[in-house]
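Working notes, beginning with the structure itself.
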Amino acid sequence: MSLDPATRERIESLIQTHPVVLFMKGTRSFPQCGFSATVVQILDQIIPGGYETVNVLADPAIREGIKVYSNWPTIPQLYVNQTFIGGCDIVREMYEAGELHDALGVKPDDVAPPALHVTEAAAEALRRAVTDAGDGTAVHLLVDGQWQHGLDLGPRGARDLAVEVAGVPFAVPPALARRLDGVTIDFVDGPGGGFRIDNPNAPPRVQPLSVAELKAKLDAGEPIQLLDVRTQRERDIAAIAGSRLLDDDVRREVEAMPKDTPLVLYCHHGVRSRQAAEYFLRQGFRTVYNVVGGIDAWAAHIDPSMRRY
């Protein structure tokens, strides 16, 4: 496959203008694949403020063109001083071997191990798992670019930070130390249970809200903004009492409210309202709920007399 001159010129301009360029899926603050997230985490650890990212999902020509330009079939791709370094696996291997700092011209800094908090229930479950796995096993604590956490068992890597809490040996990659500082790990037994990880560093997320929970909030008179993310035609069919249609005027009014105002959004089944909830998170609101199942679930479980469509 050949590369058209215009796309080649754009790629070369990016690489020549910026000393470090990461062609990735998504953005630095919101990676949209695990491999891109991994490279971002590593670069954030080494050069927190000093690199450029290019979202290939926003530009199909660049997405395909960079693969031809570098003769490398996958994304992400890292360039340093106009030299192609590689993709996720190579970047990670170089980082673990201490070679990536040299390539970036950065002296490795000492990274402080994160402070971890482990409840007794979680500690007991983890100690048992480590014992069953055998000598040399540690609990690898991980977090990806979407703030999804993981716990794995295995030997501690040469560059991993060693943290021991309540008799549980943990292994934390240095690139994740800041993201994991202050994490609390709990364990809930029984059906639907498992490990629960609370990270105070994670940005606010859209919180799911069942229709029963919404009714309880309304009955208790909680000061929520209940917003209907549907059309006026749909609202004429049925609406939850106390809600307001999220038209342009209401949107502007809500955006001017204090950012700690609790927002609850609903639509027909919960898809459109989820997208609207994400929008308000980006505007800085910290407590945003999406009603699971939307007004259809409300009619099915709370108000059977409500007209469904």
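The values are calculated or read from the model by the stated rules, or taken from the named source; none is laboratory data. Keep in mind that what you see is a predicted model, and the values were worked out from it rather than measured. Backbone-built Cβ (ideal geometry, glycine too); neighbour counts: all protein chains shown. In case anyone asks, the SASA skips ligands and DNA or RNA and just uses the protein heavy atoms, side chains included. Shrake-Rupley method; radii C 1.70, N 1.55, O 1.52, S 1.80 Å.
Within region 71-116, the residues that satisfy the criterion of being free of Cβ contacts under 8 Å to residues at least 40 places away in the same chain and of a type in the set (Val, Ile, Thr) are Thr74, Thr83, Ile85, Ile90.
Answer yes or no: is there a residue in region 96-113 that is open to solvent by less than 20 Å² (accessible area, probe 1.4 Å), under 18 Å from Gly34 (Cα atoms) and either in a helix (DSSP H, G or I) or of a type in the set (S, T, N, Q) (or both). No: zero hits. The set of residues in region 255-271 being surrounded by 15 or more Cβ atoms within 10 Å (Cβ to Cβ) and under 16 Å from Trp298 (Cα atoms) consists of Val264, Leu265, Tyr266, Cys267, His268, His269, Gly270. Residues in region 133-147 that are open to solvent by 10 Å² or more (accessible area, probe 1.4 Å) and touching an Asp or Glu at 6+ places or on another chain (Cβ under 9 Å): His140, Leu142.
Screening Asp4 against (1) more than 27 Å from Trp147 (Cα to Cα); (2) open to solvent by less than 40 Å² (accessible area, probe 1.4 Å) leaves a single unmet condition, (2). A search for C-beta distances below 7 Å between a residue of region 255-278 that is closer than 18 Å to Ser210 by Cα and in contact (Cβ under 8 Å) with a residue 60 or more places away in the chain and any residue that is in a helix (DSSP H, G or I) and open to solvent by less than 30 Å² (accessible area, probe 1.4 Å), counting only pairs 6+ apart in sequence or on different chains, returns nothing. Output the residue which, of all residues in region 43-93 that are out of contact with any strand residue (DSSP E or B) (no Cβ under 7 Å at 6 or more places or on another chain) and at pLDDT below 90, is farthest from Phe30 (Cα to Cα). Per the criteria, the residue is Glu93. Meeting the requirement of 1 or more residues that are open to solvent by 80 Å² or more (accessible area, probe 1.4 Å) and either modelled with pLDDT of 90 or more or touching a His at 6+ places or on another chain (Cβ under 8 Å) (or both), the helices (runs of 4 or more DSSP H) wholly within region 148-242 are 211-219, 232-237.
From the list Thr83, Thr119, the one residue that fits, being within 26 Å of Val56 (Cα to Cα) and either open to solvent by 20 Å² or more (accessible area, probe 1.4 Å) or touching a Phe, Trp or Tyr at 6+ places or on another chain (Cβ under 8 Å) (or both), is Thr83. Within region 61-72, the set of residues being assigned to a loop (DSSP other than H, G, I, E, B) and either touching a Cys at 6+ places or on another chain (Cβ under 8 Å) or of a type in the set (S, T, N, Q) (or both) comprises just one member, Asn71.
If you go through region 13-60 and pick out every residue that is open to solvent by 10 Å² or more (accessible area, probe 1.4 Å), of a type outside the set (Val, Ile, Thr) and part of a strand (DSSP E or B), you end up with 2.
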